[in-house]
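Structure record follows, encoded as structure tokens.
The values are calculated or read from the model by the stated rules, or taken from the named source; none is laboratory data. Keep in mind it's a predicted model, so treat the numbers as computed, not measured. FYI the Cβ positions are ideal-geometry reconstructions off the backbone, even for glycines, and counts take in every protein chain you see. Please note that ligands, DNA and RNA were not included when accessible areas were found on the heavy atoms of the full protein model with its side chains. Shrake-Rupley method; radii C 1.70, N 1.55, O 1.52, S 1.80 Å.
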Amino acid sequence: MARGWESKSVEEQQAASATPTQLKQRLTPDQIARQRQAEGLSLARKSVLQQLQSVQDPRHRQMLEHALADLDAKLARLG
């Protein structure tokens, strides 16, 4: 039973890995750049949110909230 589960997982992983490659071929260089920029902004946003959970200083919290608002605005512009 475990062997069947493992082979099914491998098949799913192979199918999933084939899909992004096919999508990348259809994207223009500009679309790829925008996608990478959006991914970078999303990672930065996630980092800021994690910092907000542990910050104690009100001035630092305010700075992080401004950074978060800026990141949200940039993500909204990217669409």
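Remark: pairs (first residue in segment 33-62, closer than 19 Å to ARG77 by Cβ; second residue charged (D, E, K, R) and outside any helix (DSSP H, G or I); Cβ separation under 6 Å; 6+ apart in sequence or on different chains) are absent. Taken residue by residue, segment 41-59 has no member that is out of contact with any Leu (no Cβ under 8 Å at 6 or more places or on another chain), at pLDDT 75 or above, of a type in the set (Asp, Glu) and assigned to a helix (DSSP H, G or I).
Residues in segment 25-54 that are more than 17 Å from the chain's Cα centre (by Cα) and open to solvent by 90 Å² or more (accessible area, probe 1.4 Å): GLN25, ARG26, PRO29, ASP30, GLN53. Scanning segment 55-73 for residues that are open to solvent by 80 Å² or more (accessible area, probe 1.4 Å) and of a type outside the set (A, V, I, L, M, F, W, C) gives GLN56, PRO58, ARG59, ARG61, GLN62, GLU65, HIS66.
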